[in-house]
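Colleague: Starting off with a structure, shown below.
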Amino acid sequence: MVKILVIDDDRMNCDLLQAVFTRHGYDVRTATSGLEGLNLFRQDAPRVTILDLRMPEMDGLTVLKEIRAIDPHAPVIILGGGATEVQENQARALRVTDFVRRGLSLDVLVEGVNRVVQQPMKRQSPSGGKEQSGPVADTGETVLVVDDEQLVRDLLVQFLSLRGYRAFGVKDGSTALSSVKQGPPDLILLDLMLPGMNGVEVLRRLRAENFTGAVIIVTGSYDEELLQEAWALHPQEVISKPIDLENMLAIVQLVLVCREC
């Protein structure tokens, strides 16, 4: 039987979804907290995880981030009742399979799960996180991710690490500058809207200190004046948030290749 994991802090919702999906022939496990859900995810490797967005202690986005660290391809459907646009964009950035708002018919959720189950499953290697088509080679290239939002920072570090880069992250500009002095990375993914010292000021300092690596600005801001200041300091590229991870990877690869031309 195909396994489904339901993570929802409301026991009644868990019981309801368990009853519905059991009638449709699924083997349903339930958890009423994020931590319990992650333990079951590691233990059972469900085909689909249905995840409540709003939970105490560990919310759905945090659980999804942890799931992505375990299995970058695991199908996850979020129940996002009352979600803000920012929360939904964060879930999309974490490559959620579907984002279902509460109040829709359960039939819609069942159809969504059925559709996922019918798709070919991307298999993982025993070490977790990598496809069985073969291990990703270590490129030897280092990438520094500078973003004050931990969810985004951790996602980008995990994503790039799984693709062979030596990626690490820091939360602010001053820490980034200190890190560059200790060991210059090949590329910096630099958030424009940082607290204290924004991305433009960080890039200005990097230019003054003759940093020779590549810089890609990442921003969700539409401040044209700030963007013009950033472009004037000649970053290799500017990427908009929410981030399309595969597009970002293509840009990172191109920028690093062009540095060697």
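The values are calculated or read from the model by the stated rules, or taken from the named source; none is laboratory data. What you are looking at is a predicted structure, and each value in this text was computed from that prediction instead of being measured. We place every Cβ from the backbone using ideal geometry, glycine too, and count neighbours over all the protein chains shown. In case anyone asks, the SASA skips ligands and DNA or RNA and just uses the protein heavy atoms, side chains included. Shrake-Rupley method; radii C 1.70, N 1.55, O 1.52, S 1.80 Å.
Colleague: For the chain, would you read off the P(r) tail past 34 Å as a percentage of all alpha carbon pairs? Could you put the intermediate results ahead of the total?
Modeller: Numbers: 9123 of 33930 pairs.
In whole percent, the long-distance tail amounts to 27.
Colleague: So, one more: Rounded to a whole number, what % of the accessible area of the stretch 52-102 do carbon and sulfur atoms account for, probe 1.4 Å?
Modeller: C and S fraction of accessible area: 48 percent.
Colleague: Right, here's the next one. Relative contact order of the chain: what whole-number percent is it, with Cα pairs under 8 angstrom and at least 6 residues apart? Before the final figure, lay out the partial values.
Modeller: Values: 416 pairs, mean separation 30.0, N = 261.
Dividing the mean separation by the residue count of the chain yields 11 percent.
Colleague: Just check the stretch 54-100 against the gyration tensor rule for me: Cα atoms, a ≥ b ≥ c as the square roots of the eigenvalues, rounded for a/c under 1.5, and otherwise prolate or oblate depending on whether a/b exceeds b/c. Mind dumping the intermediate values first?
Modeller: Values: a/c = 1.83, a/b = 1.30, b/c = 1.41.
Oblate, because a/c is 1.5 or more while a/b does not exceed b/c.
Colleague: So what is the calculated 222 nm ellipticity per residue for the chain, using -39500 (n - 2.57) for each DSSP H run with n of 4 or more, over all residues, to the nearest 500 deg cm²/dmol? Provide the component values of the computation, followed by the final result.
Modeller: On the way: 10 runs with 113 residues, N = 261.
Computed ellipticity for the chain at 222 nm equals -13000 deg cm²/dmol.
Colleague: Please give the helix 199-208 orientation as an angle from the longest Cα principal axis of the chain, in degrees from 0 to 90, rounded to the nearest 10.
Modeller: 40 degrees
Colleague: So, in nm, how far is label residue 117 from label residue 208 when the simple model puts each one 7 Å beyond its Cα toward the Cβ?
Modeller: Result for the modelled spin labels: 6.1 nm.
Colleague: Work out the FRET efficiency for residue 85 and residue 239 from their Cβ-Cβ distance, taking R0 = 22 Å, and round it to the nearest 0.05. Write down the numbers at each step before the final one.
Modeller: Numbers: r = 19 Å, r/R0 = 0.88.
Here the calculated transfer efficiency is 0.70.
Colleague: Using only Cα atoms, tell me the angle between helix 245-259 and the longest principal axis of the chain; keep it within 0 to 90° and round to the nearest 10.
Modeller: With rounding to tens, the tilt is 20 degrees.
Colleague: Next question. With a 1.4 Å probe and every protein chain left in place, work out the accessible area per residue of the chain in Å², rounded to a whole number. Mind showing how you got there, number by number?
Modeller: On the way: 12940 Å² over 261 residues.
With the other protein chains kept in place, the chain gives 50 Å² per residue.
Colleague: Something else about it: Looking only at 223, 147, 59, which one moves most when the chain is put into a Gaussian network model with springs between Cα atoms under 10 Å?
Modeller: The residue that fluctuates most here is 223.
Colleague: Based on the mean of other Cβ atoms within 10 Å per residue, sort peptides 16-28, 155-167 so the most packed one is first.
Modeller: Descending packing order for the listed peptides: 155-167, 16-28.
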